[in-house]
């Protein structure tokens with residue numbers, strides 16, 4: 001191979017791999033990205049049934065009902081509530097009045113069918129999305145009685 | 001008093017780091033060797049001072065000195081001693097102190113290294129390294145001082161996040177930090193080379209052991225973090241594509257590329273500019289990881305505290321070092337003498353492909369991790385980029401890389417022969433295909449990904465061993481000739497074969513996760529849960545009290561194929577010292593390299609308990625493979641050519657076939 005051909009081969013293969021990588025990223029961006037919405041967003045932006053997203057807020061006090069492995073509860077941002085159903089074992093820190101993020105699909109009747117309830121790491125920890133969405137609704141209180149810093 | 005002295009030692013370390021940063025550069029400028037070498041004692045002193053400061057903090061934790069704010073906020077007198085000690089770095093301030101301590105350790109090691117580094121390179125490297133230390137010491141002293149006092153001292157501490165009260169905290173962060181920070185040395189070497197305007201095979205040979213050390217520790221640190229998450233979080237997952245995990249994966253990918261590109265630079269005096277850029281990028285990604293984790297941009301167990309001033313400070317450090325080094329690169333890189341081009345089909349060509357795929361994979365992780373942050377900053381929309389994204393981007397880039405790996409490994413330098421290489425690998429390819437077909441046939445109806453992935457892993461292992469075997473046996477005949485070839489083969493040849501086989505082992509472990517099962521049930525004592533050959537029987541549920549927690553224990557009997565195989569205990573802990581925070585301690589029992597994993601869910605009002613049972617066939621191979629990779633890296637470091645970093649001697653006349661010269665006759669690597 002001449003010098004020119006070698007250079008072309010190397011540059012060509014670099015370009016090819018990068019193009020494939022870019023294509024994969026763009027393709028995956030379209031299909032596998034999940035948006036986060038608070039309950040007010042869900043109602044006001046009238047998100048369509050069948051949409052997959054993350055729903056976050058507080059677990060409404062007194063709304064948790066257990067039936068065997070299935071749990072129903074309401075996620076609230078103190079403005080709107082969205083009913084959620086989930087089958088499985090809840091994370092350790094799932095409690096009424098505490099922040100929660102769930103991922104699932106909105107059903108036709110307005111019920112949110114969650115397939116995962118995200119685990120949290122610390123009793124003071126509030127998912128950032130939830131904190132922001134509460135701030136937006138004007139119900140934000142700094143978490144915990146023991147700030148860590 | 002001791003605490004105040006330690007605080008003073010921090011300030012002293014800052015002053016000496018400034019000396020280490022400025023004086024050697026000045027000395028090099030003036031061609032004054034004595035002045036240029038001031039960096040060496042300075043680096044050692046900085047390390048000693050920081051070691052003292054760290055020791056004092058650890059002592060304060062050991063004796064539960066709650067007059068120190070940091071201890072009061074993160075420890076508790078009832079905590080077991082081991083967690084008191086490891087709690088030293090289980091918080092923001094302490095972990096930053098550990099970070100600079102390790103950074104100073106690397107500086108001191110460069111100062112002490114017996115290898116004959118050129119004086120100018122050593123001076124420049126120490127100065128560049130010191131600049132990073134200075135920035136982080138300023139950060140600690142101004143925003144995250146671990147030695148603040150509380151007056152009056154509280155009678156009892158706040159205790160540590162229970163998730164961190166685990167042996168994992170003793171192992172994972174120090175390993176990971178040595179990895180992260182270790183790349184600061186390659187960064188410093190790159191900066192020194194750019195300032196000096198000279199870069200050659202000597203540079204590559206000097207940098208390579210440091211890169212390997214950092215890479216080994218990063219590999220082990222990531223792998224131990226993954227195992228920790230696996231057993232501690234009670235969800236049975238081993239990798240979550242969480243941004244914090246990605247923050248450590250990115251420097252690992254870049255670092256892996258760097259290890260390979262320095263080989264090309266060392267052997268073929270080529271890829272210089274790219275290697276320098278990669279050295280800069282690798283540490284930049286380490287810094288980015290620190291920023292993401294420490295600034296509170298992301299929330300996770302790693303983010304101990306969120307304080308906007310800290311985030312801003314780290315962002316400034318980040319921009320200074322990444323921006324500064326890239327600007328220096330743009331300015332100076334064109335002055336570096338470029339190496340020659342080479343044939344695409346050759347060992348060096350294969351290593352370029354390795355770099356290309358690793359860099360592309362790293363870029364997809366980078367986009368997936370930062371795109372949500374950027375989007376939120378720009379439009380306010382909140383998205384999450386999770387496993388589906390990475391499975392669709394990262395895996396398609398990684399699989400061709402792994403398929404090509406054995407070809408590159410057994411290809412000759414300069415001019416390779418694709419067909420010949422394929423012929424040499426025929427046996428390994430055959431073994432891989434046979435493994436795939438065999439497993440596919442025996443598990444017919446199961447997931448297809450598992451046999452394919454295992455076939456790939458088997459191919460990687462068998463080709464690494466086959467290649468090594470061929471190098472040893474080759475055309476030699478007789479035991480003595482084989483023995484002498486085995487001894488004569490450089491250690492790095494064994495190292496790379498081992499590391500590549502380790503990749504294969506990990507691939508098998510990952511592929512086998514397709515067979516993992518998960519079952520959920522509400523159980524009462526006496527109930528049985530079965531999946532395939534594995535069954536568990538809940539025997540009893542009882543409360544128990546630990547040093548700083550209460551726990552509810554579920555004891556299960558495991559049966560495999562109807563035979564009793566011992567007990568498993570899963571517990572749900574409530575930490576009284578920490579607002580009644582609950583954690584799940586999964587019960588795990590290992591059979592060979594497979595595991596049965598049982599975790600407790602909620603206790604129902606009627607006394608029954610939610611239980612998850614996972615079976616994890618071949619699961620441990622994921623981490624065993626990474627240990628093998630680390631071992632391979634360690635073996636490579638012991639290669640004798642790194643012990644004396646002088647230019648390789650000219651070829652000895654009785655070298656193996658071939659006559660085209662080149663810096664090294666060894667086909668190995």
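FYI, it's all coordinate maths here, none of it is from the lab. None of these values were measured; they are calculated from a predicted model. Here the Cβ positions follow ideal geometry from the backbone for every residue, glycine too, while neighbour counts run over all protein chains shown.
List of remarks:
- Residue separation of residue B:590 and residue B:564 scaled by 0.36 nm, minus their Cα-Cα distance, works out to 8.0 nm of gained length.
- Convex hull volume per residue for region B:134-206, taking Cα atoms only, in Å³: 130
- Quotient of C-alpha Rg and 2.2 N^0.38 Å, computed over region B:10-102: 1.42
- Computed extension length for residue B:557-residue B:539: 5.8 nm, one decimal, from 0.36 nm per residue of separation with the Cα-Cα distance subtracted.
- Counted over all Cα-Cα pairs of region B:414-489, pairs farther apart than 19 Å make up 51 percent.
- Across chain B, Cα pairs under 8 Å and at least six residues apart give a relative contact order of 12 percent.
- Point-to-point label distance, residue B:148-residue A:31, nm (Cα→Cβ direction, 7 Å offset): 5.0
- Overall form of chain B per C-alpha gyration tensor (a/c, 1.5; a/b vs b/c): oblate
- Whole-angstrom gap from region B:81-127 to region B:138-192, using each part's C-alpha centre: 12
- Efficiency of FRET from Cβ geometry, residue B:550 and residue B:319, R₀ 45 Å, rounded to 0.05: 0.40
- Cα convex hull of region B:465-517, projected area averaged across orientations, nm²: 4.4
- Note on region B:444-483: Kirkwood radius taken over Cα pairs, Stokes-Einstein applied at 10 °C and 1.306 mPa s, translational D equal to 129 µm² s⁻¹.
- Summarising the label geometry, the points placed 7 Å from Cα in the beta-carbon direction at residue A:116 and residue A:64 lie 2.1 nm from one another.
- With the convex hull drawn around the C-alpha atoms of region B:349-498, the volume per residue stands at 146 Å³.
- For region B:517-616, the equivalent ellipsoid derived from the Cα gyration tensor has semi-axes of 24, 14, 11 Å, listed largest first.
- The label point for residue B:475 and the one for residue B:434, both projected 7 Å from the Cα toward the Cβ, are 2.8 nm apart.
- Taking N as the residue count of region B:1-165, its C-alpha radius of gyration divided by 2.2 N^0.38 Å amounts to 1.17.
- Cα-derived Rg over Rh, computed across region B:375-432 with Rh taken as Kirkwood radius: 1.33
- In chain B, helical runs assigned H by DSSP with n ≥ 4 each contribute -39500 (n - 2.57); averaged across all residues and rounded to the nearest 500, the mean residue ellipticity at 222 nm is -20500 deg cm²/dmol.
- As an equivalent ellipsoid, region B:313-377 spans semi-axes of 30, 21, 8 angstrom, where each value is the square root of five times an eigenvalue of the C-alpha gyration tensor, largest first.
- Rg/Rh ratio calculated on Cα atoms of region B:89-223 (Kirkwood radius): 1.08
- One way to sum up the overall shape of region B:487-541 is the equivalent ellipsoid from its Cα gyration tensor, whose semi-axes run 45, 12, 8 Å, largest first.
- Three-way shape label, region B:9-59, alpha-carbon gyration tensor, a/c 1.5: prolate
- For region B:244-296 and region B:557-575, distance of Cα centres in Å: 43
- Computed log₁₀ I(q)/I(0) - Debye formula, equal Cα scatterers, no solvent, the protein assembly as shown, q 0.11 Å⁻¹: -1.39
- For region B:178-238, the convex hull drawn through the C-alpha positions has a volume of 74 cubic angstrom per residue.
- Cα gyration tensor category, rounded, prolate or oblate, for region A:1-117 with a/c compared to 1.5: prolate
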